[in-house]
1. I need the full set of residues from the stretch A:32-86 which are modelled with pLDDT under 85, closer than 15 Å to A:Phe140 by Cβ and within 12 Å of another protein chain (Cβ to nearest Cβ), in order please.
2. Just name the residue that is farthest from A:Phe175 (Cα to Cα) out of those in the stretch A:15-31 that are in a strand (DSSP E or B) and either within 12 Å of chain B (Cβ to nearest Cβ) or in contact with a helix residue (DSSP H, G or I) (Cβ under 8 Å, 6 or more places away or on another chain) (or both).
3. Can you tell me which residue is modelled with the lowest pLDDT among those in the stretch A:90-120 that are surrounded by 19 or more Cβ atoms within 10 Å (Cβ to Cβ) and more than 11 Å from chain B (Cβ to nearest Cβ)?
4. Within the stretch A:190-200, identify whether any single residue is touching a Pro at 6+ places or on another chain (Cβ under 8 Å) and either assigned to a helix (DSSP H, G or I) or modelled with pLDDT under 90 (or both), and answer yes or no.
5. Return the total of residues in the stretch A:135-174 being in a strand (DSSP E or B) and either at pLDDT 90 or above or crowded, with 21+ Cβ neighbours inside 10 Å (or both).
6. Can you tell me how many residues within the stretch A:102-120 are assigned to a helix (DSSP H, G or I) and under 22 Å from the mean Cα position of the chain (by Cα)?
7. Given (1) at pLDDT 90 or above; (2) exposed (fewer than 14 other Cβ atoms within 10 Å of the Cβ), where does A:Thr273 come up short, assuming only one miss?
8. Looking only at residues in the stretch B:76-102 that are among the aliphatic types (A, V, I, L, M) and modelled with pLDDT of 90 or more, which one is farthest from A:Gly29 (Cα to Cα)?
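The values are calculated or read from the model by the stated rules, or taken from the named source; none is laboratory data. Keep in mind it's a predicted model, so treat the numbers as computed, not measured. No Cβ is skipped: glycine too gets one built from the backbone with ideal geometry, and neighbour counts run over all protein chains shown.
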Amino acid sequence: MRRLPFGKRRSFSEVYMYPQIEVFGRTIGVYGLCAMVGIAVCVVVATFLSHRQECSFEAILLFSLAIGGGLLVGGHLLFGLTQIKTVAYIFAHLNELSFRQIVHGLIACFGGSVFYGGFLGGLAAVFIYTKYSKTIPRSFALDLYAVMTPLFHVFGRIGCFFGGCCYGKEWSWGFCVAENQINPAVAGVVRIPVQLLESGCNLIIFLIVLLLFLRRIYTGRLLCIYLLLYPIARFVLEFYRGDAIRGIWFGLSTSQWISIALFMCTAATLIWTAIWQRQKRTATKNI
Amino acid sequence: MNDQNFNTNDQNFNAQPPENYQQPSPFLPPPQDSGKGFSIAALVLGILSCILAWFYVANIFGLIFGILGVALGAVGRSKARVANAPMGMGTAGLVVSIVGLSLSFVGFLTCTLCVWCVGESISSALSV
């Protein structure tokens, strides 16, 4: 075990990154494991919650599968968008680059995943699924998605923390990461555990949305509640992230810009819906 | 003995139908699909997914087979339920596909861990 160059700073504990663990001699990624556990928990919770609509387990499974597909595609596409300069470079120099370089470059550009892309991809999948399958009503599906998303994110961020791919800024307190195999340069410095903080925020948001779901408050609009709460948490937490690879535009990260857009759109939708409902009520009274 | 049987059958053949007998309607609903084909396909794809999950590059195909297996298994099971047919094959296909999908998913994400390693490979793959 290697001693850490702590310097003057003190950490709560020394954390050794475990991006991969050995199970029966087989290397397994902790991020994938956490994501898998998150998906399994989401499916179980969604199955219990769907008794209200008398949806079968198969319907929930297919619904979760559709969301999973949307999540994968959306997350990778948005990551590719943040690497747009490299993608443009590859397509501009197709004749000069070798086939191996093109393939490796494209895999590198679309290999990562961004949460907001996954979220939007999952949302698109919900709309497509409910259009072609009538097993789950759309408003109920959106409510279910609002409950499942923060729950999955709780496990996803724990996976990120163990993975050591994204990390917090240098701070006066926090965890001192060591043995980070993915990025050894960030090891040995006390950093704020921003992924764990985000995981905690997601847990709180999940509990709020679940409570509203169980008490049948804001039925059909729970996604709006989620989209009002999470972007605020994400916007603030982004300032404490130490990895700048996700793209910085005009001083704010891609996720912060998306947070602003989602919050504004949701607020505008809620205000517009309230005004429209009031006008409808007034018109009904006049009749 | 055979002749007797033959005669008996002949008699039955020549027997007149009862008076209230009605010709079966040609527009009867076809027998309901019990989804057995879907269930077998799910089982096969699930087993393939479980096998391919073990290999690093092939687990991408394991992931695809697992997704297809779960979808087909769910459809087969729901069809069997509607047709009041046994759901054992569908359940087996679904369970095996879920296991294969999980293993392939974890295996797939073991390679493409997260943003950083991808960022590192960008600089190594291209000198942009």
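1. Result: A:Cys55, A:Ser56.
2. Looking only at the stretch A:15-31, we keep the residues that are in a strand (DSSP E or B), and these are A:15-16, A:20-23, A:26-29.
Then keep just the ones that are either within 12 Å of chain B (Cβ to nearest Cβ) or in contact with a helix residue (DSSP H, G or I) (Cβ under 8 Å, 6 or more places away or on another chain) (or both); that gives A:20-23, A:26-29.
Working: A:Gln20: 19, A:Ile21: 20, A:Glu22: 24, A:Val23: 26, A:Arg26: 28, A:Thr27: 25, A:Ile28: 24, A:Gly29: 21 Å.
Among those residues, the one meeting the criterion is A:Arg26.
3. A:Tyr116
4. At the first step, the residues of the stretch A:190-200 found to be touching a Pro at 6+ places or on another chain (Cβ under 8 Å) are none.
No, that holds for no residue.
5. Within the stretch A:135-174, the first condition is being in a strand (DSSP E or B), and the residues that meet it are A:168, A:170-174.
Still in the list and also either at pLDDT 90 or above or crowded, with 21+ Cβ neighbours inside 10 Å (or both): A:168, A:174.
Number satisfying all stated conditions: 2.
6. Within the stretch A:102-120, residues that are assigned to a helix (DSSP H, G or I) and under 22 Å from the mean Cα position of the chain (by Cα) number 11.
7. Unmet condition: (1).
8. Narrowing the stretch B:76-102 to residues among the aliphatic types (A, V, I, L, M): B:80, B:82-83, B:85, B:87, B:89, B:92, B:94-96, B:98-99, B:101.
Now restrict to residues that are modelled with pLDDT of 90 or more: B:92, B:94-96, B:98-99, B:101.
Working: B:Ala92: 27, B:Leu94: 25, B:Val95: 23, B:Val96: 22, B:Ile98: 19, B:Val99: 17, B:Leu101: 15 Å.
The qualifying residue farthest from A:Gly29 (Cα to Cα) is B:Ala92.
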